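**Q** First the structure, which I've put down as structure tokens, then a few questions once you've had a look.
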Amino acid sequence: MRIRVLFLSLVLVLALEIPTARAADRVTVAVGSQGTMDYVQLEIAHALGYFAEQGLDVDLKYFASGTMAATALLSGTVDFSANSFDQAMKTMLKGKPLTAIAAFTEVPGVRILVASAHRDAVRQPADLKGRSVAVTGLGAYSHLILSHVLVSSGLRPDDVEAIPVGAEALAAALENGRVDAMMAAGLLGAKLVESGRAYVLLDLQSRVAAERLFGAPYLKGSLMTRPGVCAERPEVCARLARGIVKAARWIERRASADIAAALPATLVQDRRLYAAALDENRGGFSRTGRIDPRAVDTVVATYRTSGAISASQAVDTTVLYDNRFVDLALAEER
């Protein structure tokens, strides 16, 4: 085993030293959704040419949902996906584990927004009892986090009516009165709050608020692949990790307006609003790309709280993440 580990390390070190003059390796990354703050390191690495420096021709292919992106990864259509880590949990429970090789965010990155008409009646999550909340889908990430918040507030998940409307219709559902509240991420719902039509009941974009709720970091956005890819294409995994680490360092030193300016207009749409959202979200970004085992354990605990897995069901978290590639990139900085 020791010889195998040493051999893999040597392969990765040599891979990191491959000159960029060689023909670029084509890599398609299935991205779980567009307009969130969950994959900024990936998008910056792509926009600033950090992947190209590593001899990679990276194509970011955005999907309508994380489930669709994870399906593309599982089917072998792509070898990598930027996605919510809970997708790895879901596929593992079906006997098809995915492996996270880099972390993007360490907080849930969602807010519960409530229509302003209910401001006097709904002042804390427990006040949602008997009300309706829009989620992207039943059993989806937004539904999972909502269930955890309700249980932590002394309620049962079914004390609230979760209405599945899809990501694109969340804001409209709240605005037209179909629901009383909604689960929002990234830019979603930002204009409703800015205009005063909705207010923030709970903000889990904040690291402080998230760790107060969960007691530890929470792994949300991550770069995932199939376990076999780590073994078959370790040099590509290493070069992707190197670009992500470099992007994380760049983001840490830049103002939110500079980050927004570096990204394509088609991605950020309203740069002012995007920069404002970055200000609210960037405290939850991973500064290194390294996956914190505590953040993985928190996701597992959330699944238990929501009832998605039983309290007695064993979960082997070691198959869910692999820090070797990021660790090599970080070691190179020293």
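The values are calculated or read from the model by the stated rules, or taken from the named source; none is laboratory data. Computed from a predicted model, the values in this text were never measured in an experiment. Here Cβ is always computed from backbone atoms with ideal geometry, including for glycine, and neighbour counts include all displayed protein chains. Side chains are part of the model used for accessible areas, which takes the heavy atoms of the whole protein and leaves out ligands, DNA and RNA. Shrake-Rupley method; radii C 1.70, N 1.55, O 1.52, S 1.80 Å.
**Q** Hey, can you tell me all the residues within segment 44-80 that are assigned to a loop (DSSP other than H, G, I, E, B), surrounded by fewer than 18 Cβ atoms within 10 Å (Cβ to Cβ) and of a type in the set (Ser, Thr, Tyr)? Reasoning before the result, please.
**A** We begin by selecting, within segment 44-80, every residue assigned to a loop (DSSP other than H, G, I, E, B); these are 48-49, 54-55, 63-65, 76-79.
From the residues that got through so far, the ones that are surrounded by fewer than 18 Cβ atoms within 10 Å (Cβ to Cβ) too are 48-49, 64, 76-77.
Once the filter is applied, which keeps residues that are assigned to a loop (DSSP other than H, G, I, E, B), surrounded by fewer than 18 Cβ atoms within 10 Å (Cβ to Cβ) and of a type in the set (Ser, Thr, Tyr), segment 44-80 yields only 77.
**Q** Counting just the residues of segment 67-87 that are touching a residue at least 40 places away in the same chain (Cβ under 8 Å) and more than 22 Å from residue 239 (Cα to Cα), which one comes out farthest from the chain's Cα centre (by Cα)?
**A** By that ranking, first place goes to 67.
**Q** It is to be established whether one or more residues within segment 302-321 are over 20 Å from residue 83 (Cβ atoms), of a type in the set (Ser, Thr, Tyr) and either open to solvent by less than 60 Å² (accessible area, probe 1.4 Å) or in contact with a Phe, Trp or Tyr (Cβ under 6 Å, 6 or more places away or on another chain) (or both).
**A** Yes: one or more hits.
**Q** Taking segment 81-93, which residues are part of a helix (DSSP H, G or I), among the polar types (S, T, N, Q) and within 21 Å of residue 109 (Cα to Cα)? Outline the logic, then answer.
**A** Filtering segment 81-93 for residues part of a helix (DSSP H, G or I) gives 86-93.
From the residues that got through so far, the ones that are among the polar types (S, T, N, Q) too are 87, 91.
If the condition is that a residue be part of a helix (DSSP H, G or I), among the polar types (S, T, N, Q) and within 21 Å of residue 109 (Cα to Cα), then 87 is the only one that fits.
**Q** So how many residues does segment 138-165 have that are touching a residue at least 40 places away in the same chain (Cβ under 8 Å) and over 22 Å from residue 214 (Cβ atoms)?
**A** 0
**Q** Looking at this structure, is residue 113 within 22 Å of residue 324 (Cα to Cα), outside any loop (DSSP other than H, G, I, E, B) and over 17 Å from the mean Cα position of the chain (by Cα)? Let's see the steps before the verdict.
**A** On the way: within 22 Å of residue 324 (Cα to Cα): no; outside any loop (DSSP other than H, G, I, E, B): yes; over 17 Å from the mean Cα position of the chain (by Cα): yes.
Spelling it out, it is not the case that residue 113 is within 22 Å of residue 324 (Cα to Cα), outside any loop (DSSP other than H, G, I, E, B) and over 17 Å from the mean Cα position of the chain (by Cα).
**Q** Okay, next question. Within segment 203-224, restricting attention to residues that are crowded, with 24+ Cβ neighbours inside 10 Å and not in a loop (DSSP other than H, G, I, E, B), which residue is farthest from the chain's Cα centre (by Cα)?
**A** 210
**Q** Tally the residues that are assigned to a loop (DSSP other than H, G, I, E, B) and open to solvent by 10 Å² or more (accessible area, probe 1.4 Å), restricting the search to segment 26-37. Spell out how you get there, then give the answer.
**A** Initially, segment 26-37 is screened for residues assigned to a loop (DSSP other than H, G, I, E, B), giving 32-37.
Now drop any that are not open to solvent by 10 Å² or more (accessible area, probe 1.4 Å), which leaves 33-36.
The total comes to 4.
**Q** Also, quick follow-up: Could you go through segment 118-128 and let me know if any residue there is more than 19 Å from residue 30 (Cβ to Cβ), of a type in the set (Gly, Ala, Ser) and part of a helix (DSSP H, G or I). Give the derivation first.
**A** The initial filter retains those residues of segment 118-128 that are more than 19 Å from residue 30 (Cβ to Cβ), namely 118-128.
If we keep only those that are of a type in the set (Gly, Ala, Ser) too, we end up with 121, 126.
Narrowing further to those that are part of a helix (DSSP H, G or I): 126.
Among the residues of segment 118-128, at least one is more than 19 Å from residue 30 (Cβ to Cβ), of a type in the set (Gly, Ala, Ser) and part of a helix (DSSP H, G or I), which makes the answer yes.
**Q** Answer with yes or no whether residue 107 is in a loop (DSSP other than H, G, I, E, B), surrounded by fewer than 24 Cβ atoms within 10 Å (Cβ to Cβ) and aliphatic (A, V, I, L, M).
**A** Working: in a loop (DSSP other than H, G, I, E, B): yes; surrounded by fewer than 24 Cβ atoms within 10 Å (Cβ to Cβ): no; aliphatic (A, V, I, L, M): yes.
Judged against the criteria, residue 107 is not a match.
**Q** Give segment 324-334 a look and list any residue that's surrounded by fewer than 20 Cβ atoms within 10 Å (Cβ to Cβ) and either in contact with a Phe, Trp or Tyr (Cβ under 7 Å, 6 or more places away or on another chain) or touching a residue at least 60 places away in the same chain (Cβ under 8 Å) (or both), or say none.
**A** So in segment 324-334, the residues surrounded by fewer than 20 Cβ atoms within 10 Å (Cβ to Cβ) come out as 324, 327, 330-334.
Passing the criteria: 324, 330, 332, 333.
**Q** Restricting to segment 175-200, name every residue that is crowded, with 21+ Cβ neighbours inside 10 Å and not hydrophobic (A, V, I, L, M, F, W, C).
**A** Scanning segment 175-200 gives 180, 186, 189.
**Q** For segment 131-157, enumerate the residues that are hydrophobic (A, V, I, L, M, F, W, C) and part of a strand (DSSP E or B).
**A** Of all residues in segment 131-157, those hydrophobic (A, V, I, L, M, F, W, C) come to 133-135, 138, 140, 144-146, 149-151, 155.
Matches in segment 131-157: 133, 134, 135.
**Q** Going through 247, 275, 257, 231 one at a time, which residue ends up being in a helix (DSSP H, G or I), among the aliphatic types (A, V, I, L, M), open to solvent by 20 Å² or more (accessible area, probe 1.4 Å) and over 23 Å from residue 317 (Cα atoms)?
**A** Numbers: 247 fails: open to solvent by 20 Å² or more (accessible area, probe 1.4 Å); 275 fails: open to solvent by 20 Å² or more (accessible area, probe 1.4 Å); 231 fails: over 23 Å from residue 317 (Cα atoms).
One residue alone meets the criteria, 257.
**Q** Among the residues of segment 188-202, write down those that are at pLDDT 90 or above and in a loop (DSSP other than H, G, I, E, B).
**A** If the condition is that a residue be at pLDDT 90 or above and in a loop (DSSP other than H, G, I, E, B), then 196, 197 are the ones that fit.
**Q** While we're looking at this one, here's another question. Within segment 236-253, is there a residue that is touching a residue at least 40 places away in the same chain (Cβ under 8 Å) and either under 22 Å from residue 144 (Cα atoms) or among the acidic types (Asp, Glu) (or both)?
**A** Scanning segment 236-253 turns up no residue that is touching a residue at least 40 places away in the same chain (Cβ under 8 Å) and either under 22 Å from residue 144 (Cα atoms) or among the acidic types (Asp, Glu) (or both).
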